[in-house]
Amino acid sequence: MTPPLIQIENVWKEFGDQIVLERLSLSIAPRSFVALVGPSGCGKTTFLRMLLGEEAPTKGRILLDGKPLQPEPGPDRGVVFQRYSVFPHLTVLGNVMLGLDLKGAPRIGRLFGARRRAAADLARALIAEVGLAGDEGKYPAQLSGGMQQRLALAQALITRPRVLLLDEPFGALDPGIRAGMHELMQRLWHETDLTVVMVTHDLSEAFTLACRVLVFERLRDRAAEKHRYGAVLAQDMAVWPPRIAGQPTPPKRSQAA
Amino acid sequence: MNANDKLLPSLATMADTVARMAFSADPRTGEVQLWVDTSASLFRLLTGLGIAAALTLLIGLVVGMLPVARAALAPVIDVVSMVPPLALLPILFITLGLGEVSKITLIVIGVMPVMVRDLAGRVLELPREQIVKAQTLGASSWQVAIRVVLPQALPRLITSFRLQLGPAWLFLIAAEAISAEAGLGYRIFLVRRFLAMDVIFPYVVWITFLAVVMSWGLERLRARAFPWVELGQ
């Protein structure tokens with residue numbers, strides 16, 4: 001058994017008096033695709049923000065590769081939000097190259113000459129990979145919602161993060177476009193050395209993509225109890241038949257609802 | 001038209017005056033009056049606005065990005081923006097003298113609070129997701145400032161610069177009216193004593209023309225340099 005990539009040890013999260021999440025303990029294996037589901041307000045996004053380093057747990061700790069998580073967002077964890085994931089002032093190519101620019105040029109944040117050309121080639125390959133070839137010069141406002149999320153994926157993947165965090169990335173898309181995105185997401189997960197944690201409110205999406213589904217739920221949800229008890233990890237299901245990274249199964253009949 | 005009208009000059013008189021002021025050198029000094037006035041005024045106006053824009057960029061980004069700086073500076077800026085700049089004019093003349101410095105300072109003080117608040121507001125408007133996203137791509141705070149915040153703040157700074165052209169002209173002419181040796185406002189208030197409407201009218205038209213051209217040029221510059229702004233709307 002490989003050691004877990006992410007380990008969550010008895011994590012609680014409180015905002016003031018309000019307990020949001022309690023008694024969370026779980027570990028996530030490398031190369032897994034974990035979907036997080038649950039009703040609105042059950043702390044799914046809060047959990048993702050803790051993994052991101054944007055929020056710190058009130059109690060307990062989160063380990064990445066056995067080491068405590070950096071307390072702020074960093075390049076080992078990529079993210080795609082439902083909205084505002086791409087930069088409106090950069091072209092498609094500029095958006096994807098940004099990660100390489102930032103890494104290669106700490107002071108001016110921009111590469112030049114041969115290093116820039118190398119970065120651009122890398123970015124173009126990834127842009128083609130997500131199906132945006134030919135749109136390199138466009139600005140995000142000129143792309144549809146689905147294309148913007150494809151761009152966001154390419155942008156997040158160029159820095160080769162250990163973990164990719166997805167916060168309802170396909171929630172705002174039309175069903176037809178969403179099916180295409182699922183296909184892309186599956187392909188990227190199989191082909192890239194990537195562990196994915198995805199928050200979604202769409203159960204069928206969770207089972208279409210993930211190899212493991214976590215359900216967060218407030219077990220005590222009466223008005224008087226809302227403040228005193230947070231959501232817990234109510235269910236932890238492995239998807240059957242097992243999905244294993246790098247071994248794509250031929251698509252059965254359409255699973256997208 | 002009444003040829004004896006002492007207040008409203010005829011078009012012919014105005015044309016003569018324009019020819020004298022704008023196209024012929026003054027026999028005493030050898031200089032073209034309108035050109036001397038225009039260059040003196042534009043120098044003050046653009047220096048003042050330029051300094052204001054540079055300071056705005058610095059202060060606006062710091063106030064917008066750093067909560068600590070915002071807590072410290074925002075109330076100060078709010079109070080300073082309430083001081084009527086023209087009431088400060090005598091103080092500026094007394095402390096900084098009657099030369100260029102006091103006039104340029106008046107323009108800077110007059111337009112800067114509005115510009116700083118506008119720019120800081122724009123920076124605060126940027127979605128939190130963008131900043132987090134940049135951090136996950138490995139950006140340091142400095143890199144967030146120059147690659148994410150600055151390029152999205154610049155077009156707003158240009159717009160705010162353009163909208164402050166009006167107030168800037170106001171402060172310039174007010175300062176020149178009190179004390180100067182050349183300048184468009186100075187000339188208007190000098191010849192006012194002789195009811196020389198044949199000079200005042202063309203000068204007002206000329207000032208308006210300059211302001212319109214500057215405004216138009218800035219708008220073109222913004223559209224050219226930041227094409228993505230229009231797309232997003």
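The values are calculated or read from the model by the stated rules, or taken from the named source; none is laboratory data. Keep in mind the model is a prediction, meaning the values are calculated, not measured. Backbone-built Cβ (ideal geometry, glycine too); neighbour counts: all protein chains shown. The accessibility values were calculated without ligands, DNA or RNA, using every heavy atom of the protein model including side chains. Shrake-Rupley method; radii C 1.70, N 1.55, O 1.52, S 1.80 Å.
Of note:
- If you wrap the Cα atoms of segment A:55-185 in a convex hull and average its projected area over all directions, you get 9.5 nm².
- Stretch in chain B that is longest and holds no GluC sites (Glu not before Pro) that DSSP places in a loop and that have at most 13 other beta carbons within 10 Å: B:32-180
- Per-residue shielding of A:102-110, expressed as the average number of other chain Cβ atoms within 10 Å of the residue Cβ, stands at 5.
- Between the C-alpha center of segment B:24-94 and that of segment A:115-174 there is a gap of 44 Å.
- Relative intensity, log₁₀ I(q)/I(0), of segment B:95-233 from a Debye sum that treats every alpha carbon as a point, q = 0.13, 0.16, 0.17 Å⁻¹: -0.73, -0.93, -1.00
- Around the Cα centre of segment A:99-257, unit charges on the Cβ atoms of Lys, Arg, Asp and Glu (plus for the first two, minus for the last two) sum to a dipole of about 460 debye.
- If the segment from residue B:13 to residue B:79 were pulled out straight at 0.36 nm per residue, it would be longer than the present Cα-Cα gap by 18.9 nm.
- Extension gain from residue B:39 to residue B:141, taking 0.36 nm per residue of separation minus the Cα-Cα distance: 32.5 nm
- Three-way shape label, segment B:86-173, alpha-carbon gyration tensor, a/c 1.5: prolate
- Measuring how big segment B:1-129 is from its alpha-carbon positions, Rg and Dmax come out at 22.0, 71 Å.
- Percent antiparallel among DSSP beta bridges (both partners in the protein assembly as shown, rounded to 5): 55 percent
- Three principal axis extents describe the C-alpha atoms of the protein assembly as shown; from largest down they are 102, 51, 44 Å.
- Here the sum of -39500 (n - 2.57) over DSSP H runs of 4 or more residues, divided by the residues of chain B, equals -24500 deg cm²/dmol at 222 nm, to the nearest 500.
- Here the Gaussian network model covers chain A, with springs between Cα atoms less than 10 Å apart; of A:35, A:125, A:245, A:125 fluctuates the most.
- Each Lys and Arg adds +1 at its Cβ and each Asp and Glu adds -1 at its Cβ; summed about the Cα centre, segment B:1-140 shows a dipole of about 340 debye.
- Coil-residue trypsin sites (Lys or Arg not before Pro) of segment B:1-102, DSSP, other Cβ within 10 Å capped at 10: B:6, B:28
- Solvent-accessible area buried by pairing B with A, both sides, nearest 100 square angstrom, 1.4 angstrom probe: 2500 Å²
- Taking only the C-alpha atoms of segment A:88-160, the Rg (one decimal) and the largest Cα-Cα distance, Dmax (whole number), read 11.5, 34 Å.
- For the protein assembly as shown, the solvent-accessible area with a 1.4 angstrom probe is 50 square angstrom per residue.
- Within the accessible surface of the protein assembly as shown, defined with a 1.4 Å probe on protein heavy atoms only, the carbon and sulfur portion equals 62 percent.
- Inter-part distance where segment A:28-75 and segment B:137-158 are each reduced to a Cα centre, Å: 27 Å
- Anisotropy class of chain A from Cα gyration tensor, a/c 1.5 cut: prolate
- Placing a label point 7 Å from the Cα of residue B:32 along the Cα-to-Cβ line, the residues of segment B:8-24 whose backbone N sits under 16 Å from it are B:16-24.
- Inter-centroid distance (Cα atoms) of segment A:175-197 relative to segment B:180-223, Å: 63 Å
- Ordering B:232, B:139, B:196 by the projection of their Cα atoms onto the charge dipole of chain B, which places +1 on the Cβ of Lys and Arg and -1 on the Cβ of Asp and Glu, puts B:139 at the extreme positive end.
- Computed from the Cβ-Cβ distance with R0 of 45 Å, the FRET efficiency linking residue B:193 to residue B:58 stands at 0.55.
- Efficiency of FRET between residue A:14 and residue A:110 - r from beta-carbon atoms, R0 56 angstrom, step 0.05: 0.85
- Translational diffusion coefficient (Stokes-Einstein; Kirkwood radius from C-alpha pairs) of chain B at 20 °C, 1.002 mPa s, in µm²/s: 106 µm²/s
- Of the residues A:75, B:119, B:218, the one whose Cα sits farthest toward the positive end of the charge dipole of the protein assembly as shown, with +1 on the Cβ of Lys and Arg and -1 on the Cβ of Asp and Glu, is A:75.
- One chain, two ends: residue B:216 and residue B:25. Fully extended at 0.36 nm per residue, the span grows by 65.7 nm beyond their Cα-Cα distance.
- Rounded FRET efficiency, nearest 0.05, which uses the C-beta distance separating residue A:61 from residue B:69 and R0 of 30 Å: 0.40
- Comparing each chain alone with all protein chains together (probe 1.4 Å, DNA, RNA and ligands left out), the residues of segment B:118-163 losing at least 40 Å² of accessible area are B:128, B:129, B:130, B:132, B:133, B:135, B:136, B:137, B:143, B:147.
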